[in-house]
Amino acid sequence: MIRFLQQDNKVVKIMFGVIIGAAVVSMVVYLVPGLMDNSTGTDASVYATVHAPGLMGRIFGETTPIKTEEVTKLAQMQLRQNRYPDFLLPYMMNRAGQILVQRAILKQEADRLHLQVSDDDLLRELSTGPYSQYLFPGGKFIGKDAYINFVQEAIGQDETIASFELQVKEDMELQRLQALITGGATVSDSAVRDAYRVQGTKVKFDYAVVSSEDLKKTINPTDADLQTWFKGNAAKYANAVPETRKIEYAAFDASKLPGGKQPVSDADVQAYYASHAAQYKTDEQVKTRHILINSKAGADAQTDAAAKAKAQDVLKQVQAGGNFAELAKKYSEDPGSKDTGGELPLMPTAQLDPAYAKGAMALNPGQTSGLVKSQFGYHIIQTEQKQAAGTKPLSEVKDSIVQILEQQKQGAAEQQFAQQLAIEAKKNGLDKTAAAHGLHTVTTDYLAKDGVVGGLSDAKELLAQAFATDKGAAPGTVSTGDGYAVFQVVDIKPAHAPDFAEYKSHILDDYKEQKLPQLMEQETKTLDDRAKVLNDLKKAAAEMKIAVKTSDLVGQDGQVTDLGSMSGPGKVAFDLAKGVVSGPINAGQNGVVLTVTDKQEPSADDMAKNFDATREQLLNAQREQIFRVFLGTLSQQYQNGGGIKLAKEPAAPGGTPAGS
């Protein structure tokens, strides 16, 4: 169906993030208590099954299986998107399972209401909807092979075009259901005005900031206080000093290989060229200019005839000696090429519409076609360059092959030499073995897993393997980025509690962090109480030697230094009358007390300009609420009517089976 894709993998993944995210993760989810409680303990590959509630639904209704693999995939995606730790996967599995069960419920309800999506609807969505910029760049279909790659790279190697298109169809069907259920949502003009009056109000205020950094400086415990706290939090510090290891190693690069650089023969090159022949094949390619008059597949006869007549008129101008590039700029309806005089780059014909490719390849460079009909409309094509399919000659690629083979031989020789050294070191010791081959050994200090090993370009693998190796174990080999190293673990210091004296600065920091919240709350409340007694924030702040700042005139979308977003803790300012002192505000790192000095409501012009956008915002919120209630009610009907069956008991957060 779709012709070619000209986007990198990152864009593809973003695109599918949009598809899956909009259709599944961002779907209105009503977490129904007990929805996932009916366990049947059957097929482990099936997470749950869904059918219409009641006896008739069980006997005659269609049953939708929710695959465990699908639930796991969605849970893992949510885990990554939210940057949650891996141990929360069982919890995310429960949530993902409920989302997919609810999706199946909605799909069955949409089918019952005959909201299914046709193939024509799907084609229209893919060619004109949010996917069109990826699947129809410049208004042209992508090639079938590229379409397959698109699906596999973005979703998974096991996915097919059919499964992708089924997913899009289901998404469209659920959107139709949501539109049907929420179509009656309305918002009165007065509600819109009230909402925008709140949203559009701006305030200016004085505010005093109780700084966490300043408060920390006032927390000065004695050593006795710290000692007591340290002992009381012994469990916290039981392994505060991480495990460290002392490592002995001998490293080498290619210059130390016995026999020097490994030669590459002509026979080696010829063998590599022959075994990688597909890599050096070149596709049939063509570079063209074209003028397009749109008449897409499915256009009615009258529209098509009008487009053909317009194209015929342009062709006459070309045949009369008109400048092709100028005519393309004037008449072409291909937005991707008209501004460059209709020019398309040299590209494989497989990525072009078949009719267009056939017409272009039938011309010699410099020749112009008659009208060529493709699925996009009528083209006038001018071929500029053609390149037949073939294979790059060995002479053209020999240097790159030699470089590849040299690297391969060098890597193999380094690995073999490292293994030889390890065998010798096991017998004779690492020091003697290194000396016998003109190498020298290095013994590190005690290093943590994230330590730094001087003299090695990349020590990550050395440290990783050293921390997985027992003390005194046989020598091992690791890559070092520019060579190899043979190593042994000389000694291990296990993780342990620190000595108070050596860890005192860390203990002090931890002590302050624990005491800070309570002190912040006390200090901010004291400031607030005093400001209200004096009815003057500035005087109260001056008494406590706290600086007072003045904000700009800001709305709810504004940011204020030391207070943050005005849609967060600072939102209280919009509810205050001028001159009134706020209560204590917890702004995260700071405590704040403020008093409003100016308040401006939106003007009638502002109200008029933003009226429609505000109405749509309120309507969307109301539609979401309506659909949330609908989904919750429908889910309960399926649950109460036995329409949902789990194939296994869901896991509780932390990995413990629910009910255990």
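Some observations on this one:
- Taken over segment 394-542, the ratio of Cα radius of gyration to 2.2 N^0.38 Å equals 1.98.
- Lys/Arg +1, Asp/Glu -1 at C-beta; the chain dipole; positive extreme among 439, 486, 360: 360
- Surface composition of the chain: carbon plus sulfur atoms hold 50% of the accessible area, using a 1.4 angstrom probe and ignoring ligands, DNA and RNA.
- Label-point separation in nm, residue 367 to residue 199, each point 7 Å along Cα→Cβ: 6.1
- Solvent-accessible area per residue for segment 60-169 (1.4 angstrom probe, square angstrom): 51
- Scanning residues 5 or more positions from residue 490 or on other chains, those with amide H under 5 Å from its amide H are 246, 247, 248, with H placed 1.01 Å from N in the peptide plane.
- Entry note, the chain: the mean residue ellipticity at 222 nm calculated from DSSP H runs of n ≥ 4, each adding -39500 (n - 2.57), is -14500 deg cm²/dmol after division by the residues and rounding to the nearest 500.
- Karplus-derived 3J(HN,Hα), 6.51/-1.76/1.60, for each residue of segment 313-329, Hz, glycine and proline x: 5, 5, 4, 4, 5, 5, 5, 7, x, x, 5, 4, 4, 5, 5, 5, 4
- Extension gain for residue 213 to residue 408 (0.36 nm times residue separation, less C-alpha to C-alpha distance): 64.6 nm.
- Average accessible surface area per residue within segment 259-357, 1.4 Å rolling probe, Å²: 54
- Charge dipole (the chain, unit charges on Cβ, about Cα centre) - positive-most of 412, 570, 389: 570
- Of the cross-linked pairs 217/246; 140/329; 236/545; 236/449; 261/471; 216/493, those separated by over 28 Å at the C-alpha level are 217/246; 236/545; 261/471; 216/493.
- Ranked by the mean number of other Cβ atoms within 10 Å of their residues, highest first, the peptides 238-244, 496-502, 560-566 fall in the order 560-566, 238-244, 496-502.
- Orientation-averaged projected area, Cα convex hull of the chain (nm²): 47.0
- Spin-label model distance (nm) - residue 538 vs residue 160, 7 Å beyond Cα toward Cβ: 7.6
- Distant-in-sequence amide contacts of residue 334, defined by a placed amide H-H separation under 5 Å and a gap of 5 or more residues or a different chain, comprise 292.
- Rounded to the nearest 10 square angstrom, residue 170 shows an accessible area of 50 square angstrom against a 1.4 Å probe.
- Solvent-accessible surface of segment 487-582, averaged per residue with a 1.4 angstrom probe and all protein chains in place: 58 square angstrom.
- Semi-axis lengths, Å, segment 273-340, gyration tensor of Cα atoms, sqrt of 5 times eigenvalues: 35, 18, 11
- Close amide-amide hydrogen proximity is noted between residue 580 and 596, each under 5 Å apart and 5 or more residues distant or on a separate chain (H modeled in the peptide plane; Pro and chain starts excluded).
- Normalised contact order of the chain, rounded percent, pairs of Cα under 8 Å and 6 or more residues apart: 27
The values are calculated or read from the model by the stated rules, or taken from the named source; none is laboratory data. A quick note: this is a predicted structure, and the numbers were derived from the prediction, not measured. As a convention, Cβ positions derive from the backbone with ideal geometry for all residues, glycine included, and neighbour counts pool all protein chains shown. SASA here: full protein model, heavy atoms, side chains in, ligands and nucleic acids out. Shrake-Rupley method; radii C 1.70, N 1.55, O 1.52, S 1.80 Å.
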